[in-house]
1. Which three semi-axes in whole Å describe the equivalent ellipsoid of the chain, each the square root of 5 times a Cα gyration tensor eigenvalue, listed largest first?
2. Hey, with R₀ at 30 Å, roughly what FRET efficiency would residue 145 and residue 75 work out to, going by the Cβ-Cβ distance, to 0.05?
3. Sticking with the crude label model, points 7 Å out along Cα→Cβ, report the distance from residue 137 to residue 196 in nm, one decimal please.
4. Principal axes first, then extents: for the Cα atoms of the stretch 165-211, list largest minus smallest coordinate on each axis, whole Å, largest first.
5. Considering only 213, 41, 77, whose Cα is most displaced toward the positive end of the charge dipole of the chain, charges sitting on Cβ of Lys, Arg (+1) and Asp, Glu (-1)?
6. Report, by chain and number, residues whose modeled amide H sits under 5 Å from the one on residue 111, excluding near sequence neighbours (fewer than 5 apart, same chain).
7. If each residue's Cβ is checked for other Cβ atoms within 10 Å, how do 36, 78 rank with the fewest at the top?
8. Among 12, 32, 56, which residue has its Cα positioned farthest towards the positive end of the charge dipole of the stretch 9-84, with +1 placed on the Cβ of Lys and Arg, -1 on the Cβ of Asp and Glu, and the dipole taken about the Cα centre?
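Rule-based calculations on the coordinates, nothing more; no lab input. Source: prediction; values computed, not measured. As a convention, Cβ positions derive from the backbone with ideal geometry for all residues, glycine included, and neighbour counts pool all protein chains shown.
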Amino acid sequence: MMTRPVATVRRYRLGVELRRLREHAGVTQETAGECIDADDSKISRVESGRSPLSRPELVELLRLYGVTEEHEAFAGLIELNRESRRRGWWQQPGVIGRAPAQLIDLETSASTVFEFSPLLVPELLQTERYAGAALAAAEGAAETETERAVRIRLQRQELLDRPDGPELDFVLDEAVLHRPVGGPRVQAEQLRRLAALAGRERLTVRVVPFTGGAHAGTAGSGGGFRLFGYSGPPRAEYGCAEQRDGRVLIEDGEAAGPYREAAGRLHGQALGAEESVKLIGAVAERMAARAPERAPERAPGQG
């Protein structure tokens, strides 16, 4: 599970910025609470993203902190507060668990998404059959749970077609291309889909080749990670790292620094976009050649 129970990314971003503004203005939480007829515990909950603010409350706090309608940040924070009160399909009660809901919230509200994947095709790019095979391989996965998880994964992919969607930047270890998840036929289908998606606007897929040896993604735990950028205001960057027991949230600031540096090194070690697509296509053809011939379908009535 992710470590921070953030209600929504937008609400958390708003809280972080309000805390920064309050501290810059030299205002205590107690004074801020009195400004909106509340106590300091409400301000603490707001600043940690656990409690919402009404528009009038936000306006009063911003004025107390010296941010008025004339300031550039004012309109952005008002809009961020409005958006933080909306519920996406993934936040409806009983739809999915907290950890996957947080991941979806991160990716749907981001301006940019970077993902390094050392083992599997990124979830946002998976075909239905590939996703089913990958999820079914998880220890103890029931068939009904797998089918539901596949549907959710495909619904997440609607992000790819959103006109206002984020810029998507994927870096894969070459091992991802050669691992026949679901068998050679399913893998070939997946790689062709991957190559087709790589030609889209605002979506880049690059491969770190075997010939490069060890790379930034093999350092440390060697797990995959994502970075999510938000143009603001306020500007922010969050992410999550994959570990054996779940995902760990990477907070803005120093905690994200090593991952940001690793992403930069991976870009330097990966093939260019065109070279990557050529490699993906070549491996797809080799996978297709390995796939067994389909058995001929029997006509109705034949034994």
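1. On the way: eigenvalues 369, 96, 53 Å².
Gyration-tensor ellipsoid for the chain: 43, 22, 16 Å.
2. Working: r = 44 Å, r/R0 = 1.46.
Efficiency computed from Cβ-Cβ geometry: 0.10.
3. Taking the simple label geometry, residue 137 and residue 196 are separated by 2.3 nm.
4. The Cα atoms of the stretch 165-211 stretch 32, 25, 13 Å along their principal axes.
5. Most positive-ward Cα: 213.
6. Answer set, sorted by chain and number: 229, 230, 231.
7. Working: 36 19, 78 16.
So the residues, fewest neighbours to most, are 78, 36.
8. The residue sitting most towards the positive pole is 12.
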